[in-house]
Amino acid sequence: MEWTPASSAAVDATASSASDAPISLRGVTKHFRGGGGVGDITVEVAAGEVFGFLGPNGAGKTTTIRLLLDLIRPDAGQIRLFGLDSRRDSVAIRHRIGYLPGDLALYERLTPRELLSHFAHLRGGPAWREIAALTDRFDLELDRPIRTLSKGNRQKVGLVQAIMGEPELLLLDEPTSGLDPIVQHQVHMLMRAMAAEGRTVFLSSHVLAEVGQVADRVGLIREGRLVAVERVSDLRRQSVHLVDASVSGPFDASILASLPGVTLQRDVEGWDVHLDVAGSVNPVVRALAELDLADLSVREPDLEELFLSFYEGTHGAD
């Protein structure tokens, strides 16, 4: 599996031009006195795209979102949203985006109905019927004080305030934290619906299965640096197959390991063998068929396995 390094010379060819891309970062760097931050982030996100931003805690995901929102300023580099300068045009930009922070804080004494009505008034819309469609979809109780709500219901309030008003760009920082699977599914459907309408979602998460379900592309950030940007479909095409086989008797595993594209995933355990197969699995299946085969499983790795294999393989290498 090969990943495309993210650098100023390697931005996805399908992204919009810098003149109108919903997100364009060029060489963006931000360092903090106590350590951390991001360095030389270069990426563009196209209209109609769900972009997954992956990395462990502390990698720089939230810092990047705060830079996009002009909540903090970069030490170097250029940030443009919809072709507008993130600092000079920040007020105009904010009219066009929705944002759910990872550290969500709400007015505890208000009810969701009061809070959402207040936000709608500040924005000059949307109408309550649009807000109600979202609260009904998420099964959100509207008339209890927010301080009495569970973490999941608070998260629903945050999601509704971010999504309402049909923003052109939605910035989501760990959006499904605390939500039950049914509501998570509703959020995923909304993301894809937004993309189908030509709107853009920037999804920061460490939940790899979630990103694999909804994202068109993924960016991997490690220790403040964006080290890879790939389409999810390309990742799956480039991935190896995982072959697990059980044989009813001893056999020579080196015969399998000598086949083209085959790597022993780990040592043979008893009469079981575990292989990575790059390319066609037919030669492996034919070789196994010559043995007294008891069980066979062939599958593609999920996004979590792809992520871990890449992350572990590059850890410490810059």
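Placing +1 on the Cβ of every Lys and Arg and -1 on the Cβ of every Asp and Glu, with nothing else charged, gives segment 23-236 a dipole about its Cα centre of roughly 460 debye.
Starting from the Cα-Cα distance between Ala133 and Arg231, subtract it from 0.36 nm times their residue separation and give me the gain in nm to one decimal.
Residue separation times 0.36 nm, minus the Cα-Cα distance, leaves 32.1 nm.
Among the chymotrypsin sites (Phe, Trp or Tyr not before Pro) within segment 65-151, those in coil by DSSP and having at most 15 neighbouring Cβ atoms inside 10 Å are Tyr107. A cut-off under 9 angstrom between Cβ atoms defines the neighbours of Val50, and their net charge, with Lys, Arg +1 and Asp, Glu -1, is 0. Between His121 and Ala196, the contour length at 0.36 nm per residue exceeds the Cα-Cα span by 24.2 nm. A full extension of the chain between Arg88 and Trp271 corresponds to an added length of 59.3 nm, given 0.36 nm per residue minus the alpha carbon distance. Between amide H atoms placed 1.01 Å from N, distances below 5 Å from Val50 occur with Val201, Asp216, Arg217, all of them 5 or more places distant or on a separate chain.
Over segment 240-299, what is the relative contact order in whole percent, taking alpha-carbon pairs under 8 Å and six or more residues apart?
Working: 98 pairs, mean separation 30.9, N = 60.
Once normalised by length, the contact order is 51 percent.
Note on Glu290 and Thr263: the model spin-label points, each 7 Å out from Cα along the C-beta direction, lie 2.4 nm apart. Site pair Ala76 and Arg144 shows an inter-label distance of 5.2 nm when each label is modelled 7 Å from Cα along Cα→Cβ.
Label zone (Glu108, point 7 Å along Cα-to-C-beta; backbone nitrogen cut-off 18 Å) within segment 180-196: none.
List the trypsin sites (Lys or Arg not before Pro) within segment 158-234 that DSSP assigns to loop and that have no more than 13 neighbouring Cβ atoms inside 10 Å.
Numbers: sites: Arg192, Arg199, Arg217, Arg222, Arg225, Arg231; in loops: Arg199.
Filter output for segment 158-234: empty list.
Cut-off under 21 Å on the C-alpha distance; same-chain residues fewer than 8 positions from Lys61 excluded. Which lysines are left, in chain and number order? Leaving aside lysines fewer than 8 places away in the same chain, those within reach of Lys61 are Lys30. What is the local net charge at Arg80, summed over the other residues whose Cβ is closer than 12 Å to its Cβ (Lys, Arg +1; Asp, Glu -1)? Residues near Arg80 contribute -2 overall.
Electrostatic tally near Tyr107: other residues with Cβ closer than 13 Å to its Cβ, Lys and Arg +1, Asp and Glu -1, net +2.
Every read-out reported here was derived from the displayed coordinates using simple, explicitly stated rules and does not represent laboratory data. Because the structure is predicted, anything quoted here is derived from the model rather than measured. As a convention, Cβ positions derive from the backbone with ideal geometry for all residues, glycine included, and neighbour counts pool all protein chains shown.
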